[in-house]
1. Of the residues ARG213, ARG181, which is of a type in the set (D, E, K, R) and within 54 Å of the chain's Cα centre (by Cα)?
2. If I ask for residues that are within 23 Å of PHE646 (Cβ to Cβ), surrounded by 13 or more Cβ atoms within 10 Å (Cβ to Cβ) and of a type in the set (S, T, N, Q), which ones from region 552-590 would you list?
3. Can you list residue pairs whose Cβ atoms sit under 8 Å apart, with the first residue in region 525-543 being over 30 Å from LEU462 (Cβ atoms) and the second being in a helix (DSSP H, G or I) and open to solvent by 40 Å² or more (accessible area, probe 1.4 Å)? Count only pairs 6 or more apart in sequence or on different chains.
4. Can you tell me which residues in region 501-529 are over 11 Å from GLN455 (Cα atoms) and charged (D, E, K, R)?
5. For SER754, are the conditions met, namely being of a type in the set (Gly, Ala, Ser) and in a helix (DSSP H, G or I)?
6. Restricting the search to region 630-661, which residues are within 16 Å of TRP745 (Cβ to Cβ) and out of contact with any Phe, Trp or Tyr (no Cβ under 9 Å at 6 or more places or on another chain)?
7. So which residues in region 561-595 are in contact with a Lys or Arg (Cβ under 7 Å, 6 or more places away or on another chain) and part of a helix (DSSP H, G or I)?
Amino acid sequence: ADDDEGGPDGDEDEGHHDGEVDIPDGGGRGRIPLFFLRTRRMVKMGGIILEDVLVPKWPYVKMYCGTVLFVILLPMLLVASVLFYAVGNPIAGCQERGDVESDCASYSWWVIFLGIRQLLTLSLAMATEIVVVDILALRTKLFLRVLGPYITLLAVQARGWPFAVTYWSLWNFVTLYGNRRFSEHWLYWQRYVSMMNADNPAGLVVHSDTYERVLIAAVVFGAAVGLKRGWLALYLGKNSVQHYGPELEKLMRKMLLVAEVARLSEEIRDETYTDIVAPMSPAGGFDFDALRRRRGRSNSTDADDDNDIDSQPEARTSAAPASLGAESDRTSDNISRIRKNTLDGTPGVSTATGLTHSTYGDGDTAAEEAMASRPRLDKQSRAFLHLGTTAKIKLTELVGEWEEPEITTASSNKNITIQEVLQFRQAVMCLDNRFPFSAAFGPARTRVACIELAQAVFEDLLLRTRDQQRPQKLDGAGGAGDLLPFETLSLITLRPNGELDEAMARRLIRLFRPDRNGNVSALDFVKSIDKVYKALRTQRAAIANSSQIDRAFEQIVNVLFYFVLWLVTFTILKLNPMALFLSLSGFILSFAFLFGAAASKYFEGILLVLVRRPYDIGDRVAVSNPQNDTSPNGSSTWFVEGVGLFVTTARFATTNEVATYSNGSLATMRIINAMRSPKATVYIYLKFAVDISFDRVMMFKSVIEKFVKDRPRQWLAFSAFRSTRVEADLGFIEYVVVVQHLESWQNIGPILTSKADLASYCLEVQKKLDMRYMSPPMPVNLAMVKSNDLSQEPSSFETDEAGQGRAEAVPNLGILGDMFVNPEQKKIR
């Protein structure tokens, strides 16, 4: 503050700085300008908030004010004037009830009270809602700091008619209730309009017991509905966090890893193309100032701006740092040449994989100084980093080790706070973002766009090793494909001190599943990102579809809640609800006997859907009798299409037939959920001859185990290899191979394909090691059963077996015909 104001000892004219006041000792100097600065900032923020709130609502506010003024207020005022001045201001209701005329109000007063004053208090309640909810609760932190998160949540959930009814009654208590002249007539102090002062009789309405009870009932009704909404929102939010929170947390970590990989590819691409299109400075290095002027690039490339161009997925590749103006065509040619050199594996330009003098000039350090001033980077780019020896050793160990899967279950007794519910909702909003993997990856709105963008990221990552001899891999079509060293991906796991973040490296390995040599192919890279994209969309659809169950639960709560609330309201109004209930008790009792069994089943179905919740929409489930064991090879499954209070709609996974189940009938059944099940465990049974040596069996095991571990993108673990049956009489020993697949039974197609490949490979290994078990031939009796009337004559087949020649033993086809004579038909009279 002293620097801005010229220091405490500087000579300044009075009023030189706005809002500054001189203090003789200088001890408090700077406080008053700071106060005015904060005040101005608060006023500015208040203006922004008011503009944010009122500008969208202004058309509705003008329409509401016009409707209220010209449709309701002015006609009511005209009617009241006619009643007061032209008709003689008659009194309402005193003649019928026999009350004293001074205790009754006039008709004109009732018109003003109901048609004008009540409408104005209702408008005050609606304005209060805008101030309290839309401004204080949702756009400032004052409400949250003073009243806490729970009161803030209740206020937000009560928005609408519950809030309006509650504050309407409160404003009536303040302005229209009590034995006061202001409550009877708002313009009691003036003498010009007699209709608006004490000359117009108001009676005992505003301080009567009935009016007080009506206001209390309205406050209780609105506040109770608001509390119900807040409790229901918090309860359902906690259930969603408990049900979907762990999976969503894992998904968000994978999305962050993909985003980091996309940012790394962007840095590598920037450094590679900078090596081509950046002008040279006179000192021999890159002139980054000229490059920055020529590009006109912004420093906020990672911001998720809604004004970004949402174009084709190819825009990410063509959006590589290209110069503007006349050099754009030359830059495009350079980019195309680099792409071609990358795919061909031939070095076309100088490398940018390290900070070496040969890259930037003849031993000059000007390039390093230019890199220090590179825009957007306050530290060395990861494109120039290399793993140290220790980090490489740790990474090799992580890639080479075989980690058993861990199954962790979240505690259902965890106390979920409202902050966690709000964080869960924010995370769900991130799933709806058009840049789910950050702006560096690109707009991945569809699966096709995500796949194309993943291919572009892979190509950018390959630019880092374009001058090296990359390993090649034969794809399924017989062509060659480049392999990306996992060392490049692991650059995102480096800490600022150069050490390897092992936890992050493990998550990266689980995501991309490199082979045992530490390489990732283009197909595996795209499949990994596509798997995260499909999990993202599936999770978002599951959360959205769970709202059906939440709405069903809310309907049940509303029925019970409003029944009790109306009983309380009638009690406040001194109405006896038991008389009405007793009059309907006989009718209700007769229906209770009629629908007793159905109601019991319906209640069981409600408990199944709302409490047990064995499935969600989109899950693959299998229904079976709990008294019977399930098949170890899997069960016949159904896809859940819809869930309601009464029925569940499912589709048979094999034939796509759609069926419906009553929820009550499913309450006593065993329901296997493939989506919630862990990784699938597969069993393959083999038979070896008893004369096979144990060493050969162990050799077979080692070969199969190596086959499984060489496919980390299919199999998660080689669980067991053991004998299950020893049949010495039949001459075989049965073994079982137990392996765990990377997928769960929800995605059964890859599991069956991998199981078939493994079973075929086991058969081929058995052939190579001469371990196939050949079952002994079983005796077969080919003799035909003789009929009674042909017992003395040998059949042609027996004659042939006796050794006679085929020419001499000609079968008698007539005998065969007699054996199959049609039965005599019965005579029909």
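The values are calculated or read from the model by the stated rules, or taken from the named source; none is laboratory data. On a predicted model such as this, the values are computed, not experimentally measured, just so you know. No Cβ is skipped: glycine too gets one built from the backbone with ideal geometry, and neighbour counts run over all protein chains shown. Ligands, DNA and RNA are stripped out before the accessible areas are found, and what is left, the full protein with its side chains, is counted by its heavy atoms. Shrake-Rupley method; radii C 1.70, N 1.55, O 1.52, S 1.80 Å.
1. Values: ARG181 fails: within 54 Å of the chain's Cα centre (by Cα).
Result: ARG213 is the single residue among ARG213, ARG181 that is of a type in the set (D, E, K, R) and within 54 Å of the chain's Cα centre (by Cα).
2. Of everything in region 552-590, just one residue is within 23 Å of PHE646 (Cβ to Cβ), surrounded by 13 or more Cβ atoms within 10 Å (Cβ to Cβ) and of a type in the set (S, T, N, Q), namely ASN558.
3. GLN539/GLU247
4. Correct list: ASP501, GLU502, ARG506, ARG507, ARG510, ARG513, ASP515, ARG516.
5. yes
6. Once the filter is applied, which keeps residues that are within 16 Å of TRP745 (Cβ to Cβ) and out of contact with any Phe, Trp or Tyr (no Cβ under 9 Å at 6 or more places or on another chain), region 630-661 yields THR630, SER631, THR654.
7. Selection gives PHE561, ILE572.
Conditions (1) within 17 Å of ARG613 (Cα to Cα); (2) under 23 Å from the mean Cα position of the chain (by Cα); (3) open to solvent by 50 Å² or more (accessible area, probe 1.4 Å), marked per residue:
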| site | (1), (2), (3) |
| --- | --- |
| ARG507 | no, yes, yes |
| LEU511 | no, yes, no |
| ASP515 | no, no, no |
| ASN519 | no, no, no |
| ASP524 | no, no, no |
| ILE543 | yes, yes, no |
| ASP550 | yes, yes, no |
